[in-house]
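What follows is a short report on a single structure.
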Amino acid sequence: MKRKRIAVFISGRGSNFKAILDEVKRGVINGEIVTVISDNVDAEGLQFAVESGIEYKVFLKQPDDSRQSYFERIISYLQECNTDLICLAGFMKILSKNIVDRYRNRILNIHPALLPSFPGENAQAQAVEHGVKFSGCTVHFIDEGVDSGPIVIQEVVPVLDDDTEHTLASRILEKEHRAYPLAVKLFCEDRLLVKGRKVTRI
Ligand code: GAR
């Protein structure tokens, strides 16, 4: 089976990128990270690309850019890279319709909550404020909504009485670092079947 060509999108720390990269390096994932894309020139996670000799590219939104034209430039680059899979790993821009259509069921995202609860920003703070007893993370495919696409994997953690958004976030992050590489591994082995909202492992 052909190794999948993966583009990882990051905006900041990049710990999920690193978790995927580690599993690629160990040969667990049948793929290679061909590029890292960021909307933030100061994203700390770019250091992992540099250390591993992976090409990276920063796309800054220009004043005359629409969301559509911004992502059109990214699409051209992704095509040059022959991208099979896009992994959003803490990428903080909402994707436009053109890229979602072009890479339907080939864009994964990780979200730090049990979707459909607490979509959008500050998911861990939303969970603490709401008083839920369990939260976790969700790996899902991207559709045109915000954090609304078909769910691939969820992992659960307890929310403790004295949790702050930070303590909960670090408990969830440990699960993210297991769930995301597993989802990428399954995708790269063609083992994810998407029918409507349902994703099954084959
Ligand atoms: C992760 O917790 C990820 O789930 C979250 O941002 C963090 C990025 O960390 N993503 C979202 O909130 C998307 N809505 P990382 O840069 O260390 O991977």
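The values are calculated or read from the model by the stated rules, or taken from the named source; none is laboratory data. Small disclaimer: the values here were computed from a predicted structure and weren't measured. Positions of Cβ are backbone-derived with ideal geometry, glycine not excepted, and every protein chain shown enters the neighbour counts.
So the values come out like this:
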read-out	value
Qualifying residue in segment 107-115 (condition: under 30 Å from S76 (Cα atoms), of a type in the set (A, V, I, L, M), in contact with a Phe, Trp or Tyr (Cβ under 7 Å, 6 or more places away or on another chain) and away from the ligand (no atom under 11 Å from the Cβ))	yes
Complete set of residues in segment 39-98 that are basic (K, R) and farther than 21 Å from L173 by Cα	K57, K61, R67, R73, K97
Of all residues in segment 129-180 being among the hydroxyl-bearing types (S, T, Y) and assigned to a helix (DSSP H, G or I), the one that is nearest to K93 (Cα to Cα)	Y180
Residue count for segment 94-114, restricted to those that are out of contact with any Gly (no Cβ under 6 Å at 6 or more places or on another chain), within 19 Å of I153 (Cα to Cα) and crowded, with 20+ Cβ neighbours inside 10 Å	7
Residue under evaluation A43, criteria (1) among the hydrophobic types (A, V, I, L, M, F, W, C); (2) touching a Phe, Trp or Tyr at 6+ places or on another chain (Cβ under 8 Å); (3) not in a helix (DSSP H, G or I), criterion not met	(2)
Of the criteria (1) in contact with a Leu (Cβ under 8 Å, 6 or more places away or on another chain); (2) part of a strand (DSSP E or B); (3) of a type outside the set (D, E, K, R), which one A183 fails	(2)
So E51, is it more than 21 Å from Y103 (Cβ to Cβ) and either polar (S, T, N, Q) or in a helix (DSSP H, G or I) (or both)	yes
Matching residues in segment 59-93 - criterion: being surrounded by 14 or more Cβ atoms within 10 Å (Cβ to Cβ) and of a type in the set (D, E)	D65, E72, D84
Some residue of segment 33-54 being more than 16 Å from the ligand (Cβ to nearest atom), of a type in the set (D, E, K, R) and surrounded by fewer than 14 Cβ atoms within 10 Å (Cβ to Cβ)	no
Hits in segment 126-141 (condition: more than 11 Å from the ligand (Cβ to nearest atom) and surrounded by 13 or more Cβ atoms within 10 Å (Cβ to Cβ))	A127, V128, V132, S135, F141
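Results for (1) within 16 Å of the ligand (Cβ to nearest atom); (2) touching a residue at least 40 places away in the same chain (Cβ under 8 Å); (3) crowded, with 18+ Cβ neighbours inside 10 Å; (4) not in a strand (DSSP E or B), shown as yes or no for each residue.
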residue: M1; (1), (2), (3), (4): no, yes, no, yes
residue: R13; (1), (2), (3), (4): yes, yes, no, yes
residue: I20; (1), (2), (3), (4): yes, yes, yes, yes
residue: K57; (1), (2), (3), (4): no, no, no, no
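Here's the yes/no breakdown for (1) at pLDDT 95 or above; (2) crowded, with 16+ Cβ neighbours inside 10 Å; (3) within 13 Å of the ligand (Cβ to nearest atom):
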site	(1), (2), (3)
D163	yes, yes, no
L168	yes, yes, yes
R171	yes, yes, yes
H177	yes, yes, yes
P181	yes, yes, yes
E189	yes, no, no
